[in-house]
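**Q** Please see the structure below; I have some questions.
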Amino acid sequence: MKFLARWMDRDQAWPRGCWPNEAQRLLLQACLLEDDAAATSAWRKWEELVPWDFIDFGSHRLLLLLHDRLRRLGLTSKDQGRLAGVARYYWVQTELRQRQAMGILQLFEKAQIPTLLLKGAALNATVYRTGFRAMNDLDVAVRREDAPRAVQLLNEAGTAPPRNVSEESFRHGHGTNFNLADGTEVDLHWDFFHSRSLSAAQQQSLWDASLPVKIGPASSRVLCPADQLLHTCEHGVRYNETPPFRWLADAFQIMRGAGTEMDWQRLASQATEYNAVLQVSRSLQWLNEHLDLPIPDEALAGMDERKVSLANRMEYRVTGQRGLAGQHTFWQTFPEHVFAWHRQGRPGSLTKYHCLQHNISQNHRSRFAEFMKLGMLQTMSRVKAVVPSIRKRQRFVVSTLADDEMIGCHEVERSGHRTFRWTSGESTLVVTLPRCEYDVDVQVFPWRAWGSDLASELKVDFNRHGCLVTPVGDRNRVLRFSIQRDMFCPASQQRLTFRCGSFRDVPEEETRHLGLPLQSVCFRPRQCGGTES
């Protein structure tokens, strides 16, 4: 039992867990540390450690904050042009989302539907102030009884395609997303947490403590600082293929913005009531240890981790680490929904409950079975990818790679008992390999004939070094080339890029640029100077 407790209490860094790794920690310190000298030192270490071509997407979303901090410190990056360009892109994107938010809020305000902003929009309106928190969409909450009217309004505003939400989803789900024709992305919530369905009294408590806020001419509300901090930590301590550590920057800004007005007693009582003690207390401990943010004794005194139940400890551990299942959101969220379903007294079947959380109310059994097949195929691919490494090979299965390890590939598709991705006009795999000489086998589906357009249009390069590709095997299902030691770049991560013309016989309704039906890439070392991969 002690071993199980130690296993459940051990926090893991990304990519296996949800907590920042060394590079991500340095970036957070460079952006947030109050001590200018310490922030400068962290930034210089980060810039030496992480090449610009290999910044993960989670870190990329903090570059707007980094650019502002360097400007205030009077420092310039060695890639200042790229940093300024990325910062400008996120600033424009955030300003655009803010202006789109005004229209949506005014739409609800005209219909007399009270709204409450969450995540990026709320943080920019309260604690970031200057809009240095990049946001991709608008997260807005309405009361559960107002949710049907809110869905109707967004559909009338031009959702493409229109969203149909069932009565069961309104009762048991937490929200759904909308893509309007003008490019506005809205996440509509009628509950505040993904895996903690709140009672009417609990929801009313959050609404009663909320504060008014203005977004241009539009009026809305935001959670009070204690509730906003709870919401941020509960959402953040959850594994994601995209590094989710931005929640620590948000929590830092909330605490610094609230100062002495932070209601620590309310935070402790709400965290205990919502079974989120570990998520909040571990976040506060991390902020105190790595960002020198002083945490009052009373902040943790009301959240005694010793009183956390075994089930809550297991939930914290399982949802905060990478599992074997595929990277599709449907399976990433399955463990937390299992715990939520049990916590709510097991309302109906688990299959239906999980589908309702993803707004799947029609044919939920067949959709669940479809996702299960895809998840099992991805899991099998992930397990099989480990086997060649025992035989001194490196095999990269494209259906199991994280988002920041792939650039320009379409979503995972399934054919029979295998999974694959279509490449676009230019697609890149980011792989970690020891410096060596390799024979590389690229497994593809036999849906493109090598003797025609593929032979003339496919170009493959390794770190911008061109590779001569030849087909081998039955029906040219394997494309083979070699890479040399001098083709490696100094960083630990290397880039394998495919450039391919479009498929000749694309159906009329197909709008994607389809290049290569890619399944996996296997690196077989030939000569490693005494060490093999």
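The values are calculated or read from the model by the stated rules, or taken from the named source; none is laboratory data. It should be emphasised that the depicted structure is a prediction, and the values quoted were computed from it without experimental measurement. Here the Cβ is made from the backbone with ideal geometry for all residues, glycine too, and neighbour counts use every protein chain on show. Only protein heavy atoms, including side chains, enter the accessible area calculation; ligands, DNA and RNA are left aside. Shrake-Rupley method; radii C 1.70, N 1.55, O 1.52, S 1.80 Å.
**Q** Based on alpha-carbon centroids, what's the gap between the range 334-362 and the range 84-135 in Å, whole number please?
**A** 31 Å
**Q** Sticking with this one: Extension gain Arg44-Lys214, at 0.36 nm per residue separation less the Cα-Cα distance, in nm?
**A** Full extension from Arg44 to Lys214 adds 57.4 nm.
**Q** At 1.4 Å probe size, with every protein chain present, just tell me what the per residue accessible area of the range 350-486 comes to in Å².
**A** For the range 350-486, the per-residue accessible area is 49 Å².
**Q** Skip the ligands, DNA and RNA, and give the accessible area per residue of the range 175-218 with a 1.4 Å probe, whole Å².
**A** So the range 175-218 comes to 38 Å² accessible per residue, rounded to a whole number.
**Q** Roughly how many Å is it from the Cα centre of the range 221-285 to that of the range 38-65, as a whole number?
**A** 24 Å
**Q** Considering the dipole of the range 162-278 built from charges on the beta carbon (Lys and Arg +1, Asp and Glu -1) around the Cα centre, which of Leu180, Leu211, Thr242 is farthest to its positive end?
**A** Leu211
**Q** When a/c reaches 1.5 or more, the comparison of a/b and b/c decides; with that in mind, is the range 336-422 rounded, prolate or oblate per its Cα gyration tensor?
**A** Note, shape of the range 336-422 comes out prolate.
**Q** Restricting to DSSP H runs of at least four residues, report the calculated mean residue ellipticity at 222 nm for the chain, -39500 (n - 2.57) per run over all residues, nearest 500 deg cm²/dmol.
**A** It comes out at -13000 deg cm²/dmol, rounded to the nearest 500.
**Q** Compute the helix-to-body angle for 147-156: its Cα long axis versus the longest principal axis of the chain, expressed 0 to 90° and rounded to tens.
**A** Roughly 50 degrees, rounded to the nearest 10.
**Q** Right, something else. Along the charge dipole of the chain, Cβ charges K/R +1 and D/E -1, which of Ala449, Ser492, Asn155 sits furthest on the positive end?
**A** Ala449
**Q** Considering only the other residues whose Cβ falls under 13 Å of the Cβ of Ala39, what net charge follows from Lys and Arg at +1 and Asp and Glu at -1?
**A** With Lys, Arg at +1 and Asp, Glu at -1, the net is 0.
**Q** For the range 248-342, what does the alpha-carbon gyration tensor say about shape, rounded, prolate or oblate, given a ≥ b ≥ c as the root eigenvalues, a/c under 1.5 as rounded, and a/b over b/c as prolate?
**A** Because a/c hits 1.5 or more and a/b exceeds b/c, the range 248-342 counts as prolate.
**Q** Same structure again: For Ala218, what charge total do you get from the other residues with a beta carbon under 14 Å from its beta carbon, if Lys and Arg give +1 and Asp and Glu give -1?
**A** +4
**Q** Determine the dipole magnitude for the range 147-229: charges of +1 sit on the beta-carbon of Lys and Arg, -1 on that of Asp and Glu, nothing else is charged, the reference point is the Cα centre, and the result goes in debye to the nearest 20.
**A** Its charge dipole is roughly 140 debye.
**Q** Sorted by packing (mean other beta-carbon atoms within 10 Å per residue), highest first, where do 79-92, 244-257 land?
**A** 244-257, 79-92
**Q** Convex hull volume of the Cα atoms in the range 131-278, per residue, in Å³?
**A** 142 Å³
**Q** Going by the alpha-carbon gyration tensor, a ≥ b ≥ c the square roots of its eigenvalues, is the range 142-221 rounded (a/c under 1.5) or, if a/c is not under 1.5, prolate (a/b greater than b/c) versus oblate?
**A** The shape class here is oblate.
**Q** Taking the Cα atoms only, what angle lies between the long axis of helix 334-343 and the longest principal axis of the chain, rounded to 10 degrees?
**A** 30 degrees
**Q** According to a simple spin-label model (label point 7 Å from Cα along Cα-to-Cβ), what is the distance in nm between Ser205 and Arg464?
**A** About 5.8 nm, to one decimal.
**Q** Calculate what fraction, in whole %, of the accessible area of the range 21-167 sits on carbon and sulfur atoms when a 1.4 Å probe is rolled over the protein chains.
**A** Here it works out to 50 percent.
**Q** For the chain, how many pairs of lysine residues have a Cα-Cα distance under 26 Å, where the two are 8 or more positions apart or belong to different chains?
**A** Close lysine pairs found across the chain: 8.
**Q** Treating only the Cβ of Lys, Arg, Asp and Glu as charged (+1, +1, -1, -1), what charge dipole size does the chain show about its Cα centre? Round to the nearest 20 debye.
**A** So the dipole magnitude of the chain works out to roughly 1420 debye.
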